[in-house]
1. Other chains near B:186-199: what is the mean number of their Cβ atoms within 10 Å of each residue's Cβ?
2. I'd like the mean, over residues of A:149-159, of how many other protein chain beta carbons sit within 10 Å of each residue's own Cβ.
3. If you take the Cα atoms of segment B:242-318, find Rg, then find the Kirkwood Rh from the mean of 1/r over all pairs, what is Rg/Rh?
4. Please state the equivalent ellipsoid semi-axes for segment B:60-200: what are the square roots of 5 times the Cα gyration tensor eigenvalues, largest first, in whole Å?
5. Running Debye on segment B:1-121 with equal point scatterers at the Cα sites and no solvent, what base-10 log of I(q)/I(0) appears at q = 0.10 Å⁻¹?
6. Cα-based Rg (one decimal) and Dmax (whole number) for the protein assembly as shown, in Å?
7. Stokes-Einstein at 20 °C, 1.002 mPa s, Kirkwood radius from Cα pairs: D for segment A:106-174 in µm² s⁻¹?
8. Taking chain B as the reference, fit the longest principal axis to its C-alpha atoms, fit the long axis of helix B:61-72 to the helix C-alpha atoms, and give the angle between the two in degrees, 0 to 90, nearest 10.
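What follows is calculated from the coordinates using simple rules that are stated; it is not laboratory data. The shown structure was predicted, so the numbers you read here are calculated from the model rather than taken from an experiment. Note that we place each Cβ from the backbone using ideal geometry, even for glycine, and neighbour counts take in every protein chain shown.
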Amino acid sequence: MRTKFVFLAALLVPLLAGCGLKMPSDPEGTLDRVAGGTLRVGISHNPPWTETGTGSGPANANANAATGTSSAGTGPAGTEAELVRAFAAEHNARVEWVSGGESNLVRRLERGELDLVVGGLTKDSPWSKHAALTQPYLETSNGQGDKEQHVMAARMGENAFLVELERFLREEVQ
Amino acid sequence: MTARFGRTELPEDLERVLRKAIRLQWTTLAILAVSVTLVFLTMGNSQAMKAAWIEDMLSFAPPLAFLIAVRIVNKPPSEGYPYGYHRATGVGHLVAAVALCAMGTFLLIDSGMGLLKGEHPPIGSVELLGQTVWLGWLMMAVMALTAVPPVILGRIKIKLAKDLHNKVLYADADMNKADWMTAVGSILGVAGIGIGLWWADAAAAIFIAGSILHDGWKNMRGAVTDLMDTRAMTFDDGKPHPLIGKVDDYLRGLPWVESAGSRVRDQGHVFHVEAFVVPRDQLPPLQALEAARDGCIDLDWKIQDLVMVPVAELPAEVGGRRRHQSERSL
């Protein structure tokens, strides 16, 4: 019994170490696809974190025409929009913005039509069952003195992408 | 604590075994507390880790039941509880078994639904010494760490359970011994997520839920049959307890006894014996009956509460031909 256990452990360790090169990885390959390609980002208006402006991506022209907003003229602004641009740049990716309401964007994220949703989301967001929220990258307090822990929402289970995003946010915001 | 089970005083060597068992159960509780905390801190969104955590939480029940029961059965029989408090062990056993069954079923459904709905568990990262580390590595490390101690404890406890004839301790030891499978299961589940197999986690959780349910079912059967006063079995419910035969043989060996048979039920640690004896010619003097009773009690420390019933013919349950219920022995 004990020897069996030791044997099993001995078997497991190199097995795990072998997989370690690609751990974690994405079931749907998000991170690999984004690198050198397109990062599809859903953005909901929530200043100062996100401000939807006129888009720079093709999918955005329609969205903006529909809402009729045009503030800056160079695509969405706000601190989170800037973070997303920097993240995309690090992976040589073009950002394709899609603006809309949170619930609509999260649904599209679930269906795999988006890779990431931003909009001043916090850790207490009701979307945690439908999207993979990052670790909080910033803590602020609102008018009532409540702590708000800011997060972004990635697609469920795309863990390599999630971990890479969290690493980026940690290094960027420090 | 005086080492006794009700009126039954333990032989000296068993008293040592009991003290060792009590010490071990406290150790088990301490180790469990550490492992529950570690697993909780690293649990994240993994269903397999959640299942392992719930199993660890449930593992508190048997040692607690044991520790409470050894205190309660310590009380001698009273007017209100004429059979003593031994059944406290059986009640604890049943409660623990029902809890196992309920949680096993819940987890099985919960994990099965997750698998059917194709839920992809997200597992992010934590910052460790300035480095971003995938939480999955920590989960696997914690599970590997918590896998070993219960196996060692379980193997020691099984020997003590046999000596003490304590089925709660046996059930506990048996679960501890199988605990490494839970750990290996969740390690494989998390590793599966790591290499991009989203279903590995739910599959591992279903495996763990199945093992919890299996434990629950086995224990419930044991606890219910004991409360139903099945004939006394060995500590692992493997075969009828050899003491039943020993009592019968001893009584049959007495010169004034024509034939004998006994009903023996397991009260927890000790047995309650009703011995039916058919005298050869006529009822012997009271001293002979008392000597026979003391002889039986001297056979083993587990026999203390023994009722001897002289009858004309043995009832059917103890091997006689009489069709009446044992109580109607006139």
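1. For peptide B:186-199, the averaged partner shielding equals 5.
2. Mean number of neighbouring Cβ atoms from other chains: 4.
3. 0.94
4. Numbers: eigenvalues 324, 67, 33 Å².
Sorted largest first and rounded, they come to 40, 18, 13 Å.
5. -0.46
6. 33.0, 116
7. 173 µm²/s
8. Helix B:61-72 and the main axis of chain B meet at about 30 degrees.
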